[in-house]
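Asker: Please see the structure below; I have some questions.
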Amino acid sequence: MTALTAVTVRVPAKVNVQLAVGGRRPDGFHDLANVFLAVGLYDRVTASPAEELRITAAGRDVASVPLDASNLAARAAALLAGRYGFEPKVRLHIEKDIPVAGGMAGGSADAAAALVACDELWGTGASRAELLGMCAELGSDVPFPLVGGAALGVGRGELLTPLEVGGAFHWVFVAALGGLSTPEVYRACDRLRRESGDGDTVAEVAAPAAAPALLAALAGGDAYALAGALANDLQDAALSLRPELAETLRAGVAAGALAGIVSGSGPTCAFLAPDGDTAAKIAATLGPSARVAASPAEGATIVP
Ligand code: ATP
């Protein structure tokens, strides 16, 4: 054990610039090709010694953050402590700025941040590979916020390959009132595929793959090319559950965005702007629920 009294870790949100969803597997999951880009909207998780595991939260959407053992940050602390054979006697304070249930992996980000913070507080000295392994156990979106930048995730999204990003991209994010349940969005995706007559199983849906044009746009730092390549196979499903998002997407493009896309399983909409000034203008047009953020952003980092 070290003599540290508190460790704060800053962790970014993500946008999926491509989310390719394969057919429903016999176990109910879907293979994915997921191009993650970390964006500069951050939660902060502070770990400090306590008699028992306790979660507190402040900031945006805080009423929707569970404060019990179901909080992903709590599960992360319990997993790390269990791995090293002691009780997770820690208070985790979460300062939320990432929209909750918005398709920006805020809960997953908090879990990655909690692992890094507890590892430092407890002096457990887990290797990067061990931390990434625990992230993957906690959920398929948890490894990415640990590494940040940009990465291709395959499998259920958790097997990561870092990707080159050749410049800054400027985004506007519009959070919608009320979240969308990720499993419900996948069920809607399967339903729409069955209704289209093409089928929804692995035998019927093309294997998901990252688009070469999208990877080239990222590597070249080319916002115009990236705008043309943005793709989300869950978008129609999210729109079927929340039809009003179509109007949000139209409004963002009318305000000057190069393109708009539902972020992950939604309902947050992400708009790619040609530059930072235009992003600020788009956000001002779209109103108080709009936030600007630049990418790429670095992964979970201990705040000095
Ligand atoms: P993803 O993009 O990975 O599908 P999301 O961004 O849509 O996720 P989250 O913000 O991660 O969704 O929250 C989804 C649900 O997880 C919330 O409704 C909440 O009940 C639960 N949850 C558990 N831990 C957290 C946390 N630390 N912060 C926010 N929500 C959490």
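The values are calculated or read from the model by the stated rules, or taken from the named source; none is laboratory data. These figures come from a predicted structure and were not determined experimentally. Positions of Cβ are generated from backbone atoms using ideal geometry, with glycine treated the same way; all protein chains shown enter the neighbour counts. The protein model used for the area step is the full one, side chains on, heavy atoms only, and it has no ligands, DNA or RNA in it. Shrake-Rupley method; radii C 1.70, N 1.55, O 1.52, S 1.80 Å.
Asker: Residue-wise, which Karplus ³J(HN,Hα) couplings in Hz belong to segment 165-175, taking 6.51 cos²θ - 1.76 cosθ + 1.60, θ = phi - 60°, and x for glycine or proline?
Answerer: Ordered by residue, 3J(HN,Hα) equals 10, x, x, 7, 10, 10, 10, 10, 10, 10, 7 Hz.
Asker: Quick one: accessible area per residue over the chain, 1.4 Å probe, rounded to a whole number of Å²?
Answerer: 41 Å²
Asker: Once Rh is set to the Kirkwood radius over Cα pairs, what Stokes-Einstein translational diffusion coefficient, in µm²/s, holds for segment 169-295 at a temperature of 20 °C and a viscosity of 1.002 mPa s?
Answerer: 139 µm²/s
Asker: Follow-up. What's the local net charge at ALA50, with K and R +1, D and E -1, over the other residues with C-beta under 14 Å away?
Answerer: Taking every other residue near ALA50 into account, the sum is 0.
Asker: With the full set of protein chains in place, find how many percent of the accessible area of the chain is carbon and sulfur; take the probe as 1.4 Å.
Answerer: Heavy-atom surface of the chain belonging to carbon and sulfur, 1.4 Å probe: 55 percent.
Asker: Would you work out which of ALA63, ALA38, VAL116 lies farthest towards the positive end of the dipole of segment 7-163, given +1 charges on the beta-carbon of Lys and Arg and -1 on that of Asp and Glu, about the Cα centre?
Answerer: Going by the charge dipole, the pick is ALA38.
Asker: With +1 on each Lys and Arg Cβ and -1 on each Asp and Glu Cβ, how big is the dipole of segment 7-163 about its Cα centre, in debye rounded to the nearest 20?
Answerer: 200 debye
Asker: Please state, to two decimals, what the Cα-based radius of gyration of the chain comes to when divided by 2.2 N^0.38 Å (N = residues).
Answerer: 0.98
Asker: Which is farthest toward the positive dipole end of segment 169-295 among ALA213, LEU241, THR268, measuring Cα position about the Cα centre, with Cβ charges +1 (Lys, Arg) and -1 (Asp, Glu)?
Answerer: THR268
Asker: Compute, for the chain, the length of the dipole vector about the Cα centre, with Cβ point charges of +1 (Lys, Arg) and -1 (Asp, Glu) only. Units Debye, rounded to 20.
Answerer: That gives the chain a dipole magnitude of about 280 debye.
Asker: Next question, about the same structure. Quick one: net charge of GLY264's neighbours, Cβ under 9 Å, K/R +1, D/E -1?
Answerer: Charge balance near GLY264 sits at 0.
Asker: Where does the chain land at 222 nm, in deg cm²/dmol rounded to the nearest 500, when only DSSP H runs of n ≥ 4 count, each adding -39500 (n - 2.57), divided by all residues?
Answerer: -10000 deg cm²/dmol
Asker: Taking amide hydrogens as modeled 1.01 Å from N in the peptide plane, which residues meet the under 5 Å criterion relative to THR56, leaving out close sequence neighbours?
Answerer: LEU92, HIS93, ILE94
Asker: So what is the relative contact order of segment 169-295, in percent, for Cα pairs below 8 Å that sit 6 or more residues apart?
Answerer: On the way: 199 pairs, mean separation 52.0, N = 127.
41 percent.
Asker: Mind checking which of GLY287, ALA225, SER140 is farthest towards the positive end of the chain's charge dipole, using Cβ charges of +1 (Lys, Arg) and -1 (Asp, Glu) about the Cα centre?
Answerer: About the Cα centre, the residue reaching furthest to the positive side is GLY287.
Asker: Around ARG25, what is the net charge, scoring Lys/Arg as +1 and Asp/Glu as -1 over all other residues with Cβ under 13 Å from its Cβ?
Answerer: In short, -3.
Asker: Can you list the residues, at least 5 places off or on another chain, whose amide H is less than 5 Å from the amide H of VAL39, using H built in the peptide plane?
Answerer: Amide H to amide H, under 5 Å and 5 or more residues apart or across chains, VAL39 pairs with ALA13, LYS14, VAL15, ALA297.
Asker: Right, here's the next one. If the cut-off is 29 Å between C-alpha atoms, which lysines fall inside it for LYS14, apart from same-chain ones fewer than 8 positions away?
Answerer: LYS96, LYS281
Asker: Continuing with this model, one more query. Using amide H atoms built 1.01 Å from N in the peptide plane, name the residues 5+ places from THR124, or on other chains, whose amide H lies under 5 Å from its own.
Answerer: none
Asker: Hey, what's the Kirkwood Rh for segment 7-163 if you take every pair of different alpha carbons, in angstrom?
Answerer: Numbers: mean 1/r = 0.0642 Å⁻¹.
About 15.6 Å for segment 7-163.
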